[in-house]
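Colleague: Below are the structure tokens for one structure; questions will follow.
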Amino acid sequence: MPVANEWASIALALSALLAMLFAGWFIWRRKHNEDGRIEDSLPIIDVPDTGTAPVHHAVNIHRTQAEQIRPHVKLEFRPERATLSFTALTVKGTLVIENVGKEAATVMLLRATMISAHHDQAATIDAFFNRSIAIEDNMIGDAKAGEKIALELEISIPSQELLSYTVAERQIIVPIVVAELTYRWTAGKDSTRLACLVGREAQPPQGKMGPLRVDLGPRSFGQLGQRSIHA
């Protein structure tokens, strides 16, 4: 019987050790979530699918035999940091303009803004691209064939225009950056459009992102990512 008692004591000690290890793992995981990782309890951002082509495209006005040597300009926004203050939400990042075509894109003009995701966001995005929303054009210059240009971009939404929603007793917001670049070439005028969600990126990146919480007061958000959405 002493042997049986000894094994019972060992089993009890192992059970206690496993319980301590599990508790330590739980605390470690929770701490890493609080340090900026996407919290398990937060909703994830789903990219809506409207069944149409992505807005990353170039609109060709004059189709000619020289189309194969035309410019083709691509836009990509790389968010770096978002800051929530008492007066606005500001997103800073880099807008990459790349001419992957075989002719220069000249007289490039850029319009860009940011909105909050909401149930009628498609109409708001369309209004931007239809120029119903007055956003000033900014002269960018030219992009030679194969040239890539990186621009620092900082866009804000005033606090009174922020559209948040409640999930699991948390107020969250999902910013959407929209941009349009028009340019000229020898056969006419083209444009390239961009619309992308901005959210908290997991490390390593996953298919979906986490939203930004606004119910905790002014703060900064790092480790951001973006996902293109459809028009």
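The values are calculated or read from the model by the stated rules, or taken from the named source; none is laboratory data. Please read these numbers as outputs of a predicted model, since none were measured by experiment. Note that we place each Cβ from the backbone using ideal geometry, even for glycine, and neighbour counts take in every protein chain shown.
Colleague: Can you pull out every residue in segment 69-86 that is in a strand (DSSP E or B) and among the aromatic types (Phe, Trp, Tyr)?
Modeller: Within segment 69-86, just Phe77 meets the criteria.
Colleague: Considering only residues that are buried (at least 22 other Cβ atoms within 10 Å of the Cβ), farther than 22 Å from Gly225 by Cα and hydroxyl-bearing (Ser, Thr, Tyr), which ones fall in segment 162-192?
Modeller: Tyr183
Every residue, every condition in (1) assigned by TED's automatic domain parsing to the domain that holds Pro211; (2) in a helix (DSSP H, G or I); (3) surrounded by fewer than 17 Cβ atoms within 10 Å (Cβ to Cβ); (4) free of Cβ contacts under 8 Å to residues at least 60 places away in the same chain, yes or no:
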position	(1), (2), (3), (4)
Val107	yes, no, yes, no
Ile115	yes, no, no, no
Asp126	yes, yes, yes, no
Ala134	yes, no, yes, yes
Met139	yes, no, yes, yes
Leu151	yes, no, yes, yes
Ile157	yes, no, no, no
Gln160	yes, yes, yes, yes
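Colleague: Kindly provide the set of residues from segment 125-179 that are under 17 Å from Leu75 (Cβ atoms) and touching a helix residue (DSSP H, G or I) at 6+ places or on another chain (Cβ under 6 Å), ordered by number.
Modeller: Across segment 125-179, the qualifying residue is only Val178.
Colleague: Before we move on, is Val198 within 30 Å of Arg70 (Cα to Cα), modelled with pLDDT of 95 or more and in the same structural domain as Ile125 (by TED's automatic domain parsing)? Show your work before the answer.
Modeller: Numbers: within 30 Å of Arg70 (Cα to Cα): no; modelled with pLDDT of 95 or more: yes; in the same structural domain as Ile125 (by TED's automatic domain parsing): yes.
Here the answer is no, as Val198 does not meet what is asked.
Colleague: With the structure loaded, tell me whether Pro204 is modelled with pLDDT of 95 or more and either of a type outside the set (Gly, Ala, Ser) or touching a helix residue (DSSP H, G or I) at 6+ places or on another chain (Cβ under 8 Å) (or both) or whether it fails that test.
Modeller: Working: modelled with pLDDT of 95 or more: no; either of a type outside the set (Gly, Ala, Ser) or touching a helix residue (DSSP H, G or I) at 6+ places or on another chain (Cβ under 8 Å) (or both): yes.
Judged against the criteria, Pro204 is not a match.
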